[in-house]
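Inspection log for the structure reproduced underneath, given as structure tokens.
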Amino acid sequence: MFNEVVLSIIGLAVTVVGMLGGSLYWLGGKFKEIDKGFEKVDRRFDEMDRKLTIFADSVRSAAVAMNSAIIEFLGVKGLISPSEAAFLTNEVARIS
């Protein structure tokens, strides 16, 4: 009778350990899939960040060029002195 109880407990323990091991192995695979998904999202965000940085640099360069052109035009028309035009052009570049 005692041997039967011990065998029953050992059998139950082996069954539970086996089920837990299988479940944990399956969960590990699912977590790997989730990690791969997050890596894809991270790569997309990195690419978007790079593209946004390039776009912002382009907009900044265009704004500097337009403001510098206006300042130089004002200088050519004589509305501001050459030293004022140089100062304003430098300030536009510095601020941007």
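Does the stretch 60-82 hold any residues that are more than 34 Å from the chain's Cα centre (by Cα) and assigned to a helix (DSSP H, G or I), and which are they?
Listed by number, the residues that qualify are Ala69, Ile70, Ile71, Glu72, Phe73, Leu74, Gly75, Val76, Pro82.
Which members of the stretch 1-16 meet the condition of being part of a helix (DSSP H, G or I) and either at pLDDT 95 or above or open to solvent by 100 Å² or more (accessible area, probe 1.4 Å) (or both)?
Phe2, Asn3, Glu4, Leu7, Ile9, Leu12
Kindly evaluate Ala56 against the criterion of being among the small types (Gly, Ala, Ser) and under 21 Å from the mean Cα position of the chain (by Cα).
When the stated conditions are applied, Ala56 passes them.
The values are calculated or read from the model by the stated rules, or taken from the named source; none is laboratory data. Since the structure is predicted, the reported quantities are computational estimates derived from the model, not experimental observations. The protein model used for the area step is the full one, side chains on, heavy atoms only, and it has no ligands, DNA or RNA in it. Shrake-Rupley method; radii C 1.70, N 1.55, O 1.52, S 1.80 Å.
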